[in-house]
Amino acid sequence: MYSDKVIDHYSNPRNVGEIENASGIGQVGNPVCGDIMKMYIKVEEDIIKDATFKTFGCGAAIATSSVATEIIKGKTIEEALKLTNKEVVDELEGLPSAKVHCSVLAEEAIREAIADYYRKQGEKSEAEIKEICGLKDEKECPHCDLENSGDE
Amino acid sequence: MRRVYLDNASTTKVDEEVLNAILPYLKEEYGNPSSIYSIGRNAKKAIEDAREKIAKVLNAEPTEIFFTGSGSESCNMAVRGIANSYKDRGNHIITSKIEHPAVLETCKALEKDGFQITYIPVNEEGIIDLDGLREAITNETILITIMYANNEIGTLQPIKEIGEIARKHNIFFHTDAVQAFGTIKIDVKGLGIDLLSLSGHKLYAPKGVGALYLRKGIKLKKVLTGGHQERDKRAGTENVTGIVGLGKATELAYENIESTNKKIQELREYYISEVVKRIPHIKVNGDLEKRLPGNSNISFRYIEGESLLLNLDIKGICASSGSACTSGSLDPSHVLLALGLSHEIAHGSLRVTIGKDNTKEDIDYLLDNLEEVVQRLRNMSPLYNG
């Protein structure tokens with residue numbers, strides 16, 4: 001069962017859309033598993049001025065994307081990188097256990113967007129970016145080892 | 001808020017006449033049917049009346065009908081019962097890839113017990129491959145269990161042909177008719193069906209009651225042991241109200257079968273044709289001809305089924321989906337995958353199943369909201385470049 005907060009966020013998702021000339025874009029997930037999150041951030045002087053998303057997925061995937069963009073808006077990069085999936089879950093007043101992976105996806109999408117920002121800045125090496133952003137080689141996809149066929 | 005119920009393959013609202021038939025057995029005639037005093041005897045008589053009604057529409061004898069607690073229980077009784085009673089004849093069972101979990105999971109459990117199971121594939125429309133069925137038969141085959149109509153895509157299987165094949169090879173034939181019973185005229189004798197499972201709540205009777213047709217002369221080991229109810233085939237005090245409801249619902253369903261089906265099918269055809277007209281990037285799943293009149297299953301590309309259902313629910317619309325998030329498992333519907341659909345397309349499926357009480361206004365309300373919700377979710381989807 002979804003909490004009222006989750007229902008509120010999938011009914012009226014905040015920050016839906018793209019940012020033109022985004023400072024960073026991060027995409028995680030896989031259509032085979034049924035969820036893809038794409039996060040856009042606008043960074044000015046180390047502060048996330050704007051954050052938006054586009055998500056293909058269930059109600060929880062939409063709600064976690066929505067709430068995660070809300071949380072990181074106005075934060076410094078450093079603060080945003082501290083965001084954990086647990087904070088996303090808490091902010092939504094809980095998620096069914098089968099849906100917790102959606103909150104992990106939201107956290108990872110933010111990390112990817114920030115990593116993309118750093119890459120565009122061109123000041124850090126890939127190893128440094130991976131370290132700072134805590135990127136994992138294996139993305140969260142706990143239930144799916146299928147290849148994306150790419151089929152429609 | 002307006003509620004539009006379009007999930008009639010999932011369950012149905014109890015019919016007013018069915019409810020009225022049941023009430024006396026809650027209020028006055030509450031006796032245990034095994035008791036010898038009058039309210040017990042009256043309850044017993046009500047059960048036998050219901051049995052006759054069901055036997056009549058199936059062209060069976062009342063002694064060939066056994067009441068159970070659900071369609072799933074009937075399927076378990078049939079498949080496990082035949083496996084256990086006839087294992088000295090062979091250990092091979094043939095089923096299809098698109099069965100309901102009631103049969104599929106039962107077969108998987110039997111596989112662990114040492115039975116060999118063949119899962120026959122289906123074509124793109126969801127019809128089983130009869131040649132594949134013939135080729136799968138071995139000297140060890142004791143049972144063919146193929147559903148009458150599929151619960152997700154409504155596809156009707158070639159039951160008569162399967163019955164003939166089974167008869168020719170002296171193999172028992174069980175069909176899970178949970179979706180078909182009440183909507184399709186079924187003559188078990190004419191179709192060569194040996195065992196048939198059905199359920200009450202799909203045809204406007206209450207939940208918690210099912211029945212099994214078991215052809216005379218077939219042995220069936222009890223699954224539920226205990227008392228000697230149901231001619232010693234199924235223990236447990238009979239669900240008198242459920243059984244009375246099932247009997248009444250059966251009578252009503254078959255009294256009005258042609259007119260109800262015609263009305264439902266027209267609504268279904270209207271719904272599908274309007275979706276095709278109004279919403280791009282869709283795929284209609286399943287066979288359009290060999291199909292239950294009320295069933296539609298459409299995939300909407302670039303969006304996921306659960307979020308579609310949740311957004312329809314906000315508008316008071318009840319439907320279902322084959323997406324992983326709604327199946328309770330990690331994969332989307334095994335039925336849609338068996339049709340050869342990709343995971344992506346299966347995740348975006350919407351099953352709308354129309355019942356006798358639905359109106360054109362219901363469908364129009366659905367269509368208007370569906371158009372809006374699909375567009376909104378697509379605008380939110382990174383896969384969509386509209």
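The values are calculated or read from the model by the stated rules, or taken from the named source; none is laboratory data. A quick note: this is a predicted structure, and the numbers were derived from the prediction, not measured. Neighbour counts run over all protein chains shown; Cβ positions are idealised from the backbone, glycine included.
Scanning segment B:17-34 turns up no residue that is surrounded by fewer than 23 Cβ atoms within 10 Å (Cβ to Cβ), among the small types (Gly, Ala, Ser) and within 24 Å of B:Met147 (Cα to Cα). The residues listed here are B:Ala211, B:Ala166; of these, the one that is outside any helix (DSSP H, G or I) and either touching a Cys at 6+ places or on another chain (Cβ under 8 Å) or at pLDDT 95 or above (or both) is B:Ala211. Within segment B:151-188, being among the β-branched types (Val, Ile, Thr) and farther than 22 Å from B:Ser333 by Cβ holds for B:Ile159, B:Ile162, B:Ile165, B:Ile171, B:Ile184, B:Ile186, B:Val188.
Condition test on A:Gly34, is it surrounded by 18 or more Cβ atoms within 10 Å (Cβ to Cβ) and modelled with pLDDT under 95? Answer is yes for this residue. Of everything in segment B:290-329 that is at pLDDT 95 or above, part of a loop (DSSP other than H, G, I, E, B) and under 24 Å from the mean Cα position of the chain (by Cα), the residue that is farthest from the other protein chains (Cβ to nearest Cβ) is B:Pro293. In the set B:Glu135, B:Glu124, only one residue is touching a Leu at 6+ places or on another chain (Cβ under 8 Å) and surrounded by fewer than 16 Cβ atoms within 10 Å (Cβ to Cβ); that residue is B:Glu124.
Answer yes or no: is there a residue in segment B:55-69 that is in contact with an Asp or Glu (Cβ under 6 Å, 6 or more places away or on another chain), closer than 23 Å to B:Gly355 by Cβ and surrounded by 17 or more Cβ atoms within 10 Å (Cβ to Cβ). Within segment B:55-69 (the criterion being in contact with an Asp or Glu (Cβ under 6 Å, 6 or more places away or on another chain), closer than 23 Å to B:Gly355 by Cβ and surrounded by 17 or more Cβ atoms within 10 Å (Cβ to Cβ)), the answer is no, since none of the residues qualifies. Is it the case that segment B:145-158 has a residue that's more than 26 Å from B:Lys283 (Cα to Cα), under 17 Å from the mean Cα position of the chain (by Cα) and in a strand (DSSP E or B)? Checking segment B:145-158: at least one residue is more than 26 Å from B:Lys283 (Cα to Cα), under 17 Å from the mean Cα position of the chain (by Cα) and in a strand (DSSP E or B).
Quick one: which of B:Ile218, B:Ile243, B:Ile279 is outside the structural domain of B:Arg80 (by TED's automatic domain parsing) and among the aliphatic types (A, V, I, L, M)? Talk me through it step by step, then tell me what you get.
Values: B:Ile218 fails: outside the structural domain of B:Arg80 (by TED's automatic domain parsing); B:Ile243 fails: outside the structural domain of B:Arg80 (by TED's automatic domain parsing).
Answer to the selection: B:Ile279.
One line per residue, one yes/no per condition, for (1) surrounded by fewer than 24 Cβ atoms within 10 Å (Cβ to Cβ); (2) in contact with a helix residue (DSSP H, G or I) (Cβ under 6 Å, 6 or more places away or on another chain); (3) not small (Gly, Ala, Ser):
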| residue | (1), (2), (3) |
| --- | --- |
| B:Gly154 | no, no, no |
| B:Ile171 | yes, no, yes |
| B:Gln179 | no, no, yes |
| B:Ile184 | yes, no, yes |
| B:Lys189 | yes, no, yes |
| B:Gly192 | yes, yes, no |
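In segment B:323-332, is there at least one residue being within 30 Å of B:Val18 (Cα to Cα) and buried (at least 23 other Cβ atoms within 10 Å of the Cβ)? The answer is no, given that none of the residues of segment B:323-332 is within 30 Å of B:Val18 (Cα to Cα) and buried (at least 23 other Cβ atoms within 10 Å of the Cβ). Once segment B:300-347 is narrowed to residues that are of a type in the set (Val, Ile, Thr) and touching a residue at least 24 places away in the same chain (Cβ under 8 Å), the residue that is farthest from A:Pro31 (Cα to Cα) is B:Ile317.
When the residues of segment B:282-295 are filtered to those that are touching a residue at least 60 places away in the same chain (Cβ under 8 Å) and within 25 Å of B:Leu383 (Cα to Cα), the one that is surrounded by the fewest Cβ atoms within 10 Å (Cβ to Cβ) is B:Lys283. Mind checking whether some residue in segment B:87-103 is surrounded by 22 or more Cβ atoms within 10 Å (Cβ to Cβ), over 21 Å from B:Ile120 (Cβ atoms) and touching a residue at least 24 places away in the same chain (Cβ under 8 Å)? There is no residue in segment B:87-103 that is surrounded by 22 or more Cβ atoms within 10 Å (Cβ to Cβ), over 21 Å from B:Ile120 (Cβ atoms) and touching a residue at least 24 places away in the same chain (Cβ under 8 Å).
Among the conditions (1) in contact with a Cys (Cβ under 9 Å, 6 or more places away or on another chain); (2) modelled with pLDDT under 95, B:Lys221 misses just one, which is (1). Of the residues making up segment B:339-361, those that are acidic (Asp, Glu), over 22 Å from the mean Cα position of the chain (by Cα) and surrounded by fewer than 22 Cβ atoms within 10 Å (Cβ to Cβ) number 1.
Looking across segment A:1-31 at every residue that is outside any helix (DSSP H, G or I) and surrounded by 24 or more Cβ atoms within 10 Å (Cβ to Cβ), the one that is farthest from the other protein chains (Cβ to nearest Cβ) is identified as A:Gly24. Residue count for segment B:282-331, restricted to those that are within 19 Å of A:Cys33 (Cα to Cα) and small (Gly, Ala, Ser): 11. Considering only residues in segment B:243-281 that are surrounded by fewer than 19 Cβ atoms within 10 Å (Cβ to Cβ) and touching a strand residue (DSSP E or B) at 6+ places or on another chain (Cβ under 8 Å), the one that is nearest to B:Ile65 (Cα to Cα) turns out to be B:Ile272. Restricted to segment B:1-26, and to residues there that are of a type in the set (Val, Ile, Thr) and assigned to a loop (DSSP other than H, G, I, E, B), the residue that is farthest from B:Ser349 (Cα to Cα) is B:Val14. The set of residues in segment B:195-222 being crowded, with 24+ Cβ neighbours inside 10 Å and either of a type in the set (Ser, Thr, Tyr) or free of Cβ contacts under 8 Å to residues at least 40 places away in the same chain (or both) consists of B:Ser197, B:Ser199, B:Tyr204, B:Tyr213. None of B:Leu377, B:Leu370, B:Leu350 is touching a residue at least 24 places away in the same chain (Cβ under 8 Å), away from chain A (no Cβ under 11 Å) and assigned to a helix (DSSP H, G or I) except B:Leu370. Looking only at segment B:282-302, residues that are among the charged types (D, E, K, R) and closer than 30 Å to B:Gly69 by Cβ come to 1 in all.
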